[in-house]
Amino acid sequence: MGHSSPTAIRSRTLSRPLLAWALLIAVITVMLGSALFASPPAARAATTAPVTTQNEPCTPGPEIGCLNGTLAAAGGGVTVTATGPGGTASATTGDDGKWSIGFSQPGDYSVSIDPETLPDGVTLKSEDPSVRPLALGSQTAVLIGLNGSADGSSSSTTPGDEAASAGGFDWDRLAQQAASGLRLGLLLALAAVGLSLIYGTTGISNFAHGEMVTLGGLLAYLFANVLGLNIFVAGIIVVGLCAAFGYFQDVGIWKPLRKRRLTLTQLMIVTIGMSLALQYAFQFFIGASTVRIVTANPVPVRMGPVSLSVDSLVSMGIAVVVLIGVGLFLLKTRVGRATRAVSDNPALAAASGINVDGVVRLIWTTASALAGLSGILLGLVLNGVNWMTGMQLLLLLFSAVTLGGLGTAFGALFGALIIGMTVELTNIWLPGDFKYATALVLLILLLLVRPQGLFGRKERVG
């Protein structure tokens, strides 16, 4: 009997994992293609939904939110159309250029103008529709840029609400946007602190952290909406499940990979793969549509010029209490001091008798629990969560961590607050599409001046 040569044996041995990888890549490609090119049912329904005409002014309430604006340069008779989760509706501007449209479903709405109804001498600055988020119980001003005016003058205006079209400054809107920015910053901080702790103790840039936010929101939908549990009971269960998921992540994935001494680049690629796997697992089991954790309409609470829902106020209070607890844990407890020691110098911490693996496992568990809590609260405040929620927030989370200083928990907190305020305040002057871009521009400008971030320390290389 003949014997196979060593080269042939190695060839057959190598061909098996290569074939397995080829099959895996083919399966992933098919999944990505089907997800990218399949149109969501909600989108198809929106395109065929009838257009309703609203002639009466919209008044916000517990079951309705209003989009409004003023087209002072165009005057009356201009048709404005808004499309979003609540369907499609249109309104006609009055003689003063004012218009308003109401919807009973929250979400992002696309607002456009029929150019055929504009008077002579008035044109749109941009034909792209303006997209604005709408919350029940509140009014959302929509800025639409126009060139020229109905009387034929060559002035260029960008009307929005009354104060904007009159050339004044709307302090009420500034207060409302600042409150919304504080709310967003606090909820982002819950996830950003965990992301910063993971980086500080392991050096891993965890691109799957956003999916932990999504997991928290979707599990809350499952327990509170589908199974009908009380939202507080459901929240406790979900935070516990997210913490357990983080624990078993370290047991089954990260500790074995650390023992094999994978580089940080290889570990980062693993987190990207996990992010994609979780995203399409969410889409497979939950679907591509946005789901609501609670179906009851939010109850607005007005405090002077600021209007926030009860859910928003409770969520902000929970976030403040939890963040204070995390800070006290890091500063006052023995385990917290060990965590900071591992973050500063893992080798020195191990030499001083600290169980580095135990600290790292605790951080993965805590960070996952905080991200899950952030997902629950964001789902309540935004009135919905979908399979892409975490991915859409991930860039803001990394911006907050980098802005505050890599690996510093308190830096991530202040970075998240700055990012949240920047995102919401930008809506006063720029269309909603630019709000995330301005946060990243702020990050770049700060890093040019202070590369280590606000609370980071300078490191000498070489």
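The values are calculated or read from the model by the stated rules, or taken from the named source; none is laboratory data. Only a predicted model underlies this, so the values are computations on that prediction, with no experimental measurement involved. Cβ placement follows ideal geometry from the backbone for every residue including glycine, while neighbour counts extend to all protein chains displayed. Surface accessibility is based on the protein's heavy atoms, side chains included, excluding ligands, DNA and RNA. Shrake-Rupley method; radii C 1.70, N 1.55, O 1.52, S 1.80 Å.
Numbers at a glance
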{"quantity": "Solution diffusion estimate, µm²/s, Stokes-Einstein, the range 286-436, Kirkwood Rh from C-alpha pairs, 10 °C, viscosity 1.306 mPa s", "calculated": "89 µm²/s"}
{"quantity": "Spatially proximal lysines relative to LYS435 (Cα-Cα < 27 Å; intrachain offsets below 8 disregarded)", "calculated": "LYS98, LYS125"}
{"quantity": "Exposure ranking of PHE248, PHE282, PHE410 by accessible area [1.4 Å probe, largest first]", "calculated": "PHE248, PHE410, PHE282"}
{"quantity": "Residues with amide H under 5 Å from that of LYS98, placed H, sequence gap 5 or more", "calculated": "LEU71"}
{"quantity": "Percent of Cα-Cα distances greater than 13 Å, calculated over the range 237-284", "calculated": "66 percent"}
{"quantity": "Residue-wise HN-Hα coupling along the range 370-381, computed from phi with Karplus coefficients 6.51, -1.76, 1.60 (Hz; x: Gly, Pro)", "calculated": "5, 5, x, 4, 4, x, 4, 5, 5, x, 6, 5"}
{"quantity": "Low-density loop positions, trypsin sites (Lys or Arg not before Pro), the range 240-310 - DSSP coil, at most 10 other Cβ in 10 Å", "calculated": "ARG260, ARG261"}
{"quantity": "Convex hull of Cα atoms in the range 283-337, direction-averaged projection (nm²)", "calculated": "7.3 nm²"}
{"quantity": "For LEU382, solvent-accessible area (1.4 Å; no DNA, RNA or ligand), Å²", "calculated": "100 Å²"}
{"quantity": "TYR221, TYR199, reordered so the largest accessible area comes first (probe 1.4 Å)", "calculated": "TYR199, TYR221"}
